[in-house]
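One structure is given here, and the rest of the page talks about it.
The values are calculated or read from the model by the stated rules, or taken from the named source; none is laboratory data. This is a predicted model, so every value here is computed, not measured. Cβ atoms come from the backbone with ideal geometry, glycine included; neighbour counts cover every protein chain shown.
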Amino acid sequence: MNPVSASFPKGADLVLCEMWCYTYFMDYFLMHKNIAVCDLTIDSATNAISRIAEIFAPEHLPVGTPFKDGRADRKFLNDWWTSRAIPASRSGLREALEAMRISSPGLLLTKCFGLSLSDQYWVRPKAKDLAWSDVNFFENKFSEDVGNALFGKAAGDDLDLMSPDNTSDGWLKKKWIIADGRRMLVKGGSGPAYQEPLNEVIAGILMDRLQIPHTAYTLQWDADQPLSVCEDFIGADTELISAWYIRETGKRPGHLSEYQHYMERCKALGIPGIREQLDRMIAIDFLMANTDRHFNNFGVVRHAETLEWIGAAPIYDTGTSLWHDVATHMILARAEANSKPFRSKHGEQIKLVTDFSWLDLSALQDADEEVSEILKQSAYIDEQRRDALCRALNIRIKMLAEAAAI
C-alpha cells in the first residue's frame, strides 16, 4: 500500500482534501486462476487501474485485450475491470449500497478480489500470500450478505463482503447461493407482471422440446413474487467469455455485418459449433419475441488453464421476452418485434439462420397448455393476460414455420 506523497495544492476545497487524504494506490497481480498475468495498481478512490507494469503471461490476458510491443492496452483492461462491477442500472442498487454503507458498486470489487462465478480471473494483493484454492467461489463458501442487501433484506453491522454478487451483471435483482453444494443464481423480475422468471422457465420448456442446449431454470417464490433459479454452468476449470469480448478480438471491417464479423472472429479463434448454436438462439428468440439478446448475454466457454475453446455456451437469459413489459391489450404477436444483437427486428434477424433442418415444430404441439400452467402460478398474471400470451405463442410458432419454409 503506497500512500500518495505529492503535496496537495493550497486553498483546495476541504472536502476534496479529505477525499485525497484517504486515496491510496494498491499493487496487485492480475491472476488467471493460478497464473500471474501481470502486475497492476488500482486507485482506491476510483477503482480504476492506474498502472500496468510487467506482463508475465500475455496469452492469459482477458480475451480481446490489445497487446503490442510487450504492453497491454490500459484503457481496455480498465474497462474490462470496471465492467465486472454491479451495473448502476441494477434494480434496488442504490438502497443496497446505502444499507451496506458503500458509496459505489466499483468499491465492492476489491472486497472480493474481483472473483466471479463466471470466470477464473482475480486480483491478488502483492502484500498478501493468497492462493486460488483459498479464495475462489467455486470451491469455497461465500457470504450472502451482499445478495441479501440487493434483495432489500436488512444488512447488519458486521457485513461480510466476500461475495460473487459483487461481480454479477444485469439490471434485474439477482444473488448467488449455495444449495446442496451447487452454485445457484437466483434472479427476480420487474413490475408490474414480474414475468421474467416465468419466461426463463417457459424458454426452457420450449428448448427442451426442440432439443436446444440451454440452461435449465426452476421457480422459487419470495412471498408472492416469482424468482428464477439456475445452476452455474461454469465450474472451477472453465469460464464464460461473452460474445462482446469475442468480437473485440479484431476490428470489424466496414463490409462485414455484425453477424459476419462475429462468425469470422469465432472461426479465427477456432471455436467450434458456433453457427449451429446461433441458428438455435436466433430461432428461440424469434419464437419468444426476445427484445434483449445483447452481446453480453450469450457467448462461448473455454478451459481456463489450457485456453482450449470448448464451444458455444448453452442459451441463458431469455427472460426479457413474451411481451414481459407490455400491457395485455398490446400483446400483438404479428407486430414487428424489436430484436438484438444482429438485426433490429426479428423478421430480419430470423433470415440469418442458415439451417432449419434441426427444427421440428411438431414437438411444440400443445406447448401452450404447459406454458399456461406455468403462468397460472403467478398472482401477477390474470387469466386474460395468460390467454393472450398463449395465443401469441401459438401465432409465433406458425410464424417460425413460415420463416423456416423460406
Next item on the list: Please find, among Thr249, Thr218, the residue that is among the polar types (S, T, N, Q) and in contact (Cβ under 8 Å) with a residue 24 or more places away in the chain.
Entry: Thr249
Margin query: Out of Leu332, Leu352, Leu307, I need the residue that is of a type in the set (A, V, I, L, M) and more than 30 Å from Thr238 (Cβ to Cβ). Which one?
Written below: Leu332
Margin query: Of everything in region 25-73, what is modelled with pLDDT of 95 or more, under 23 Å from the mean Cα position of the chain (by Cα) and not hydrophobic (A, V, I, L, M, F, W, C)? Give them in sequence order.
Written below: His32, Lys33, His60, Pro62, Gly64, Thr65, Pro66
Checklist line | Options Ala236, Ala193, Ala268; residue that is assigned to a loop (DSSP other than H, G, I, E, B), over 18 Å from the mean Cα position of the chain (by Cα) and of a type outside the set (Asp, Glu) | finding: Ala193
Note to self: Are there helices (runs of 4 or more DSSP H) fully within region 290-406 with at least 2 residues that are over 28 Å from Gln260 (Cβ atoms)? List them.
What the structure shows: 367-375, 383-404
Check: Of all the helices (runs of 4 or more DSSP H) wholly in region 89-157, which have at least 2 residues that are touching a Ser or Thr at 6+ places or on another chain (Cβ under 8 Å)?
Finding: 145-150
Notebook entry, point to check: So which of Ile202, Ile271 is closer than 19 Å to Ala312 by Cα, buried (at least 17 other Cβ atoms within 10 Å of the Cβ) and either at pLDDT 95 or above or not polar (S, T, N, Q) (or both)?
Noted result: Ile271
Note to self: Considering only region 217-226, I want to know if a residue exists there that is surrounded by 23 or more Cβ atoms within 10 Å (Cβ to Cβ), among the aromatic types (Phe, Trp, Tyr) and either at pLDDT 95 or above or under 17 Å from Arg293 (Cβ atoms) (or both).
What the structure shows: yes
Notebook entry, point to check: Residues in region 166-176 that are under 21 Å from Asp292 (Cβ atoms) and in a helix (DSSP H, G or I): how many?
Noted result: 1
Next item on the list: Among the residues of region 246-265, write down those that are among the β-branched types (Val, Ile, Thr) and part of a loop (DSSP other than H, G, I, E, B).
Entry: Thr249
Item checked: All positions within region 149-161 that are free of Cβ contacts under 8 Å to residues at least 40 places away in the same chain and either basic (Lys, Arg) or buried (at least 20 other Cβ atoms within 10 Å of the Cβ) (or both) -> Lys153
Next item on the list: Mind telling me which of the residues Gly299, Gly319, Gly311 ends up being closer than 22 Å to Thr215 by Cβ, surrounded by 22 or more Cβ atoms within 10 Å (Cβ to Cβ) and in contact with a strand residue (DSSP E or B) (Cβ under 8 Å, 6 or more places away or on another chain)?
Entry: Gly319
